[in-house]
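Colleague: Here it is, the structure, as structure tokens.
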Amino acid sequence: MWSLWLCCVLWVLPLAWPALALTEEQVLDTLLQQLQLSQAPILDRADVVGLTIPAHVRAQYVALLQRSQADRSRGKRFSQNFRDVAGRFLVSDTSTHLLMFTMEQRLQPNSELVQAVLRLFQEPVPRTALRRHDRLAPHSARARVTIEWLRVREDGSNRTSLIDSRLVSIHESGWKAFDVTEAVNFWQQLNRPRQPLLLQVSVQREHLGPGATSAHKLVRFAAQGTWRGEGPGEPQLELHTLDLKDYGAQGNCDPEAPVTEGSRCCRQELYLDLQGMKWAENWVLEPPGFLAYECVGSCLQPPESLSIKWPFLGPRQCIASETASLPMIISMKEGGRTRPQVISLPNMRVQKCSCASDGALVPRRLEP
């Protein structure tokens with residue numbers, strides 16, 4: 001019902017904010033920063049005439065070219081649909097909970113995630129227990145709740161990644177929300193749809209030392225069923241996603257159709273001729289030029305009612321969501337001799353364009 005309503009109310013607000021195209025000055029600045037130089041070296045034609053690129057240098061350059069195609073830098077992600085996933089407590093004691101969410105078919109292949117929210121029901125503290133802590137300072141009557149993503153490796157070992165952490169008061173009760181978007185991103189990178197999402201919730205005292213109180217032990221989350229009719233106590237996972245079939249970029253631009261303000265976000269060819277740049281003369285040996293590409297066009301926008309619900313997200317723009325590095329062979333003059341050197345400039349070539357909101361999470365890569 002929600003998805004149908006959302007598709008009906010979303011409307012188009014064209015954005016005339018295409019991603020800025022890579023310029024000659026940006027390539028030069030990146031090259032100087034990589035080499036820690038203040039200005040481009042001036043090399044005479046005689047310095048490079050007859051200069052031979054050794055086989056090991058050319059092999060290194062080719063290897064970087066191949067790696068740059070496979071190893072892409074990822075940019076922002078976004079979304080506006082809503083899906084609710086009920087979870088359950090696998091293990092629960094006074095200070096630690098292990099939550100499990102079955103994720104199979106929860107995230108469609110052609111969708112992107114903007115936010116995942118974990119909701120836990122904090123039980124009210126009995127009045128008799130609160131009386132013993134009435135004299136506590138406000139900062140002492142709090143506990144730190146930490147959310148970690150638990151990954152079970154193929155060899156059976158476990159690894160946790162910190163996802164979110166916040167303070168809660170012992171005087172509060174009701175649903176508490178935690179941002180676990182990064183945990184779902186990590187789970188997606190595993191590419192194992194049948195493997196559940198495991199979240200570890202820990203409740204700890206905020207201050208350590210002999211003067212620290214045990215107030216944190218009063219912070220408890222409902223482990224099963226309902227809490228005296230006040231609502232379900234099972235953990236809830238909200239997934240906010242966008243159907244990219246309608247609201248994403250279209251891939252590469254049509255070379256036969258001119259791009260206008262109303263054109264859908266796409267990747268357009270942009271060739272930078274290094275041989276035609278004065279500063280690169282006799283300095284950049286390979287490549288003679290490269291296809292940098294640029295992101296152009298506009299994106300669909302959510303109506304104001306949904307924008308208010310997620311104020312941390314700015315207008316969606318057509319941006320470079322994946323980029324690749326640019327390997328180069330340059331000539332370096334040291335001690336009166338000129339020799340070729342291989343370097344790699346990051347984020348020089350646009351691999352993929354997407355519609356993304358300013359403020360959307362930039363996911364970390366999952367480490368082994």
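Every number here is computed from the coordinates shown, using simple stated rules; none is lab data. Treat the numbers as computed from the prediction; the structure is a model and nothing was measured. Using ideal geometry, Cβ is built from the backbone for each residue, glycine included, and neighbour counts are taken over all protein chains shown.
Colleague: Using a basic spin-label model with each label point 7 Å from the Cα along Cα→Cβ, how many nm lie between LEU190 and ARG339?
Modeller: Placing both labels 7 Å along Cα→Cβ, they lie 4.7 nm apart.
Colleague: Return the subset of LYS176/LYS217; LYS176/LYS245; LYS278/LYS352 for which the Cα-Cα distance in this structure is over 27 Å, preserving the input order. Let's see the in-between values first.
Modeller: On the way: LYS176/LYS217 17 Å; LYS176/LYS245 33 Å; LYS278/LYS352 30 Å.
The answer is LYS176/LYS245; LYS278/LYS352.
Colleague: What's the local net charge at GLY251, with K and R +1, D and E -1, over the other residues with C-beta under 9 Å away? Mind showing how you got there, number by number?
Modeller: On the way: positive: ARG267, LYS352; negative: none.
For residues surrounding GLY251, the net value is +2.
Colleague: Right, another one. Count charges around TYR271 for me, please; just the other residues with Cβ under 13 Å from its Cβ, Lys/Arg as +1, Asp/Glu as -1.
Modeller: Values: positive: ARG349; negative: GLU24, GLU269, ASP273, GLU294.
Charge balance near TYR271 sits at -3.
Colleague: If you don't mind, there's one more thing I want to ask. In nanometres, what is the gap between the two model label sites at GLN275 and MET100, each 7 Å from Cα along Cα-to-Cβ?
Modeller: Once both label points are built, they end up 6.3 nm from each other.
Colleague: Still on this structure: When the chain is fully extended, how far beyond the present Cα-Cα distance does THR52 get from THR260, taking 0.36 nm per residue of separation? Walk me through the numbers before you get to the answer.
Modeller: On the way: separation 208, 0.36 × 208 = 74.88 nm, distance 4.68 nm.
Full extension of this stretch gives 70.2 nm more.
Colleague: Starting from the Cα of GLU238, step 7 Å along the direction of its Cβ; do the same at THR23; then give the gap between the two resulting points in nm.
Modeller: The two pseudo-label positions are separated by 4.2 nm.
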